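What follows is a set of notes on a single structure, which appears directly below.
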Amino acid sequence: MVFWTITALLTVAVLATLARAMLRGSVGDRPPAAYDLDVYRDQLREVDRDLARGVVSETDADRIRTEVSRRILAADAALQKHAKSTAQSGGLVSLALTLAIVVVGSYAIYTQLGAPGYGDLALANRIEAAQILRQERPSQETAEASLEASSLPPNVDPDYVVLVERLRQAVVTRPDDIQGHELLSRAEGRLGNFAAAHAAKAQVLLLKGDQTTATDFSEYADLLILAAGGYVSPEAEGVLDRVLSMDPADGPARYYYGLMMSQTGRPDTALRIWDQLLREGPTDAPWIEPVTAQIEQMAFRAGVNYAMPTIGSGRGPSSEQIEAAEGLSPAERMEMIQGMVSGLSDRLATEGGPVEDWAQLISALGVLGQMDQANAILINAREVFGDDPRAADVLSRTADRIGLE
């Protein structure tokens with residue numbers, strides 16, 4: 001309320017200043033009556049001078065003053081009438097247009113660039129608010145219950161629907177059939193029954209046990225999010241954490257993790273994750289299209305002047321590259337890895353990057369035997385990512401793998 005009151009008072013002050021200048025008229029654009037007044041006043045002064053020199057008599061001077069005074073009154077009346085008509089015709093119209101532009105225009109700009117209803121929050125307050133939002137957001141069950149019941153896709157083959165119904169009945173009689181539940185999960189997904197699809201996928205995960213792969217968990221997270229209408233619930237976040245702990249490079253999981261951060265008030269983190277996905281590519285990856293469609297708006301929300309990178313422009317050394325380097329001679333290995341490490345280190349220092357890039361840099365330094373440098377990067381990375389539990393877990397696993405304490 002205080003903000004709007006101050007804004008209204010400032011707007012009134014600006015409009016009053018503009019109105020005063022506009023209604024007063026412009027200098028140099030004088031009406032004819034103004035010039036007549038100047039002439040008549042000069043005539044009055046000339047009469048007094050002629051009377052003092054004895055050129056005219058007192059009687060003639062009085063007669064001339066009376067006539068000139070009458071003309072001054074007429075010219076002044078014409079001047080006042082002109083000023084009034086000008087103010088009513090042009091000045092008031094211009095003032096009205098100015099009022100509309102200033103008030104309506106400024107409000108429209110504020111609705112786009114400002115945050116109506118929000119106070120001026122410090123960065124620490126905004127991060128704290130985002131953490132609270134993340135902790136208190138609705139569950140998967142609540143999100144699914146808020147959506148309308150799904151309907152069959154248009155032009156679906158009736159025979160396919162019959163086959164899916166038979167498959168549903170078959171898995172009931174064979175609850176331990178992994179392949180049956182896997183087929184049912186995919187079939188339900190094709191019909192848009194994502195809740196039933198993730199339920200079937202959950203059975204697959206349960207039956208596979210220790211044999212469950214990161215891809216299995218990634219597909220399960222995808223179905224959870226689709227069933228919630230694109231919302232990343234706490235349950236889906238837990239599955240994403242599991243995926244990234246098994247495979248930090250999993251593209252779908254990283255895309256959804258960025259989406260979750262954007263939904264919980266951290267567009268800055270989402271931007272870093274999605275930007276790295278674009279840089280890695282490949283151009284035909286399924287997450288490239290949704291990222292490119294949303295990343296500029298994400299950058300706008302994060303307050304970043306963002307330039308779209310070249311898709312697939314590359315990143316630091318991968319785990320496969322590091323392993324391949326171990327089979328080279330010491331000199332060749334040093335030359336290969338050191339070049340990649342230098343590029344990655346420079347980019348992280350200037351542009352930043354996701355925790356996976358920091359982990360790769362630490363791993364590469366470990367291969368090179370530069371343990372002090374690896375430890376320094378580890379400390380720096382922990383400072384950058386602060387209390388992010390997923391990042392802390394990735395960094396800890398990396399440190400354990402190369403033998404850092």
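Coordinate-derived values only; no laboratory data. Everything quoted here is computed from the prediction, not taken from an experiment. Quick reminder, even Gly has a Cβ in these numbers, built from the backbone with ideal geometry, and neighbours come from all protein chains shown.
Expected output is a single nm value to one decimal: the length gained when fully extending between Val56 and Arg126, i.e. 0.36 nm times separation in residues minus the C-alpha distance. What is it? Between Val56 and Arg126, full extension yields 16.4 nm more. Calculated FRET efficiency, Thr173 to Thr213, Cβ-Cβ distance, R0 = 41 Å: about 0.90 to the nearest 0.05. The calculated FRET efficiency for Ala349 paired with Ala293, based on their beta-carbon distance and R0 = 41 Å, is about 0.85. Cβ-to-Cβ counts within 10 Å put Glu383, Glu235, Glu280 in ascending order as Glu383, Glu235, Glu280, the fewest first.
Residue-wise HN-Hα couplings along the stretch 71-76, as the Karplus relation 6.51 cos²θ - 1.76 cosθ + 1.60 with θ = phi - 60° gives them from phi, are 5, 5, 4, 5, 5, 5 Hz; Gly and Pro carry x. At what distance in angstrom do the alpha carbon centres of the stretch 256-283 and the stretch 160-180 lie from each other? Going from one Cα centre to the other spans 37 Å. Using θ = phi - 60° in the Karplus curve 6.51 cos²θ - 1.76 cosθ + 1.60, the 3J(HN,Hα) couplings for the stretch 350-366 round to 9, 10, x, x, x, 4, 4, 5, 4, 5, 5, 5, 5, 4, 5, 5, x Hz; x is entered for Gly and Pro.
Across the stretch 217-233, computed HN-Hα scalar couplings (Karplus, 6.51 cos²θ - 1.76 cosθ + 1.60, θ = phi - 60°) run 5, 5, 5, 5, 4, 4, 5, 4, 5, 5, 5, 8, x, x, 8, 9, 7 Hz from first to last residue, x flagging Gly and Pro. Each Cα pair under 8 Å and six or more residues apart adds its separation to the average, and for the stretch 134-265 the resulting relative contact order is 26 percent.
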